[in-house]
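A short write-up of the structure that comes next.
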Amino acid sequence: MRTPRTGGDPFRPQRREPPINLPPVVLAALAVLFAIFLLQQFVLGNAANLMVWREFGFMPVRYVRALSGQDFAWLWSPFTYSLLHGGWSHIIFNAIWLAIFGAPVALRLGPTRFLFLWLTSAVASAFFFALTDWGAVTVLIGASGVVSAYMGAACRFVFAGGRFLPQAHLGPRLSIGAVFADPTARAFVLVWLVGNLLVAVGVSFVGVSAGAIAWQAHVGGFLFGFLAFPLFDVKTPRTLIF
């Protein structure tokens, strides 16, 4: 007599998927961002927050003054500004895009290269911002440039099958030509760039003033992630057939 086939062992506990299915390094990054933001919102006063933004925000004016006449904020601020945010909408939008595009990048690169991309893209975004505002006293804060870098990096592989699939991090790396030959990838890149160029000429979105958006950091981060991605993507992933 043949043993009837069943769909699984009824006595074995069923594996439960976690409620938030993000790579640990992305969850850790989100936790750090929100911890710093909540500390500023509910613990530090106005004077202390102004000091934090001044010491840890990125200011182009630092690089036109003699370094010997100032503290070492010029050294760490190109990194630390990416951990600060100016309001709830600022951090929530960045968190959403970090979860969407940071996750496939983290799955593909691993935590070490993911964090190295964070650091290098933060610097690239900051100095792209400084090129258009050289010597300005303005303060740049926020992870938008880094998130834009993850978007640019993701464009090199997540659209390989024409769709943003859960296993997209296992797909082949696309050349720049292949990205623009793919209709989905091309449309995403063009819409993203045009949106930021509209901000550059003064068009506001979702109630946020164009003057409050550092489009230069967005563009600089995106271009860095898009063009420099092969330097971080040192392993050849298993190719899936889409």
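Please work out if G177 is closer than 17 Å to N94 by Cβ and either at pLDDT 70 or above or open to solvent by 70 Å² or more (accessible area, probe 1.4 Å) (or both).
no
Can you say whether L83 is modelled with pLDDT of 90 or more and in contact with a Leu (Cβ under 7 Å, 6 or more places away or on another chain), as far as the supplied structure shows?
Yes; evaluated as a whole, the condition is true for this residue.
Among the residues of segment 1-52, count how many are modelled with pLDDT under 55 and within 28 Å of the chain's Cα centre (by Cα).
Going through segment 1-52 one residue at a time, the tally reaches 3.
What pairs can you find where one residue is in segment 45-63 and surrounded by fewer than 16 Cβ atoms within 10 Å (Cβ to Cβ), the other is of a type outside the set (A, V, I, L, M, F, W, C), and their Cβ atoms are less than 9 Å apart, with a gap of 6+ or different chains?
A48/Q40; E55/D71; E55/S77; E55/T80; Y63/G135
Output the residue which, of all residues in segment 180-212 that are modelled with pLDDT under 75, part of a helix (DSSP H, G or I) and open to solvent by less than 60 Å² (accessible area, probe 1.4 Å), is farthest from H90 (Cα to Cα).
Only one residue fits best here, namely A200.
Name the residue, out of V123, V52, that is among the aliphatic types (A, V, I, L, M), in contact with a Pro (Cβ under 7 Å, 6 or more places away or on another chain) and farther than 22 Å from F157 by Cβ.
Just one listed residue meets the conditions, V123.
Could you please find all residues in segment 116-139 being aliphatic (A, V, I, L, M), under 23 Å from I92 (Cβ atoms) and open to solvent by less than 10 Å² (accessible area, probe 1.4 Å)?
If the condition is that a residue be aliphatic (A, V, I, L, M), under 23 Å from I92 (Cβ atoms) and open to solvent by less than 10 Å² (accessible area, probe 1.4 Å), then L117, A122, A126 are the ones that fit.
Please work out if F79 is of a type in the set (F, W, Y), open to solvent by less than 60 Å² (accessible area, probe 1.4 Å) and in a helix (DSSP H, G or I).
When the stated conditions are applied, F79 does not pass them.
Give segment 106-149 a look and list any residue that's touching a residue at least 40 places away in the same chain (Cβ under 8 Å), assigned to a helix (DSSP H, G or I) and among the β-branched types (V, I, T), or say none.
Across segment 106-149, the qualifying residues are T120, V123, T132, V146, V147.
The values are calculated or read from the model by the stated rules, or taken from the named source; none is laboratory data. These numbers were taken from a predicted model, which means no experiment stands behind them. Every residue, glycine among them, receives a Cβ derived from its backbone with ideal geometry; neighbour counts consider all protein chains shown. These area figures cover heavy atoms from the full protein model, side chains too; ligands, DNA and RNA do not enter into them. Shrake-Rupley method; radii C 1.70, N 1.55, O 1.52, S 1.80 Å.
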